[in-house]
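Here's the structure, in structure tokens; my notes come after.
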Amino acid sequence: MRHMGASLGQVPDEALLSGLTTGDQEIAVAFVRRFQRAVFGVAVAVVGDPQLAEDIAQQTFERAWRHAQVYDPRRGSVRTWLTTIAHNLAIDAVRARRASPVAPEDLDALLGAMTDTPERYAVAEEGSERVRRAVATLPREQARALVMAGIYGMTAREVAARESVPLGTAKTRIRAGTAKLRAALEREEER
């Protein structure tokens with residue numbers, strides 16, 4: 001890649017990702033350095049434990065290395081792909097731990113705090129600010145259900161129990177919140 005006349009810092013994300021499969025250590029280091037803040041930020045925002053987040057970040061980069069060939073740029077940027085991997089791994093870790101459930105009365109405070117936490121700043125890379133704004137526009141019940149399912153990895157049944165609503169209501173809130181969030185983000189992208 002250096003032979004192309006560009007330093008690794010200037011190489012496009014997709015080219016750096018495809019370079020991972022070559023086994024070149026310089027490319028791997030450049031790739032990790034470019035995305036480590038975003039990946040770690042997502043992991044720590046979900047799990048709330050910096051040590052566990054480091055493990056998740058490591059797993060994310062290992063998975064990216066193993067699956068670099070399946071990356072599809074039509075489905076999103078490399079950063080989005082990586083942060084999705086990190087988010088999914090973090091959700092899996094939260095589900096495996098399940099040590100401290102969030103009380104419904106605490107969820108409103110957590111939703112409000114999403115704007116001022118260090119985690120928010122760490123995750124504030126590509127798109128997170130847009131998502132936060134879009135979630136804030138949702139009806140409160142839908143936002144709560146979406147955050148419980150999407151961030152805390154709760155199932156619809158768990159959301160229903162936590163919110164003391166029927167399972168169908170929880171599913172509807174999650175589904176409607178997801179649809180409204182997607183529509184809001186698409187409208188913002190068109191601008």
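With θ taken as phi - 60° and the coefficients 6.51, -1.76 and 1.60, list the Karplus ³J(HN,Hα) couplings across region 28-42 in order, rounded to whole Hz; mark glycine and proline as x.
So the Karplus estimates, Gly and Pro as x, are 4, 5, 4, 5, 4, 4, 5, 10, 4, 5, 5, 5, 5, x, 5 Hz.
If you stretched the chain out fully between R130 and T80, how much longer would it get, using 0.36 nm times the residue separation minus the C-alpha to C-alpha distance?
16.7 nm
Between region 137-191 and region 73-88, what is the separation of their alpha carbon centroids in Å?
21
Once amide H atoms are built 1.01 Å from N in the peptide plane, which residues 5 or more positions from M154, or in another chain, come under 5 Å H to H?
The answer is A149.
Extension gain R66-E141, at 0.36 nm per residue separation less the Cα-Cα distance, in nm?
23.1 nm
The numbers here are math on the coordinates, done by the rules we state, and not lab data. Everything quoted here is computed from the prediction, not taken from an experiment.
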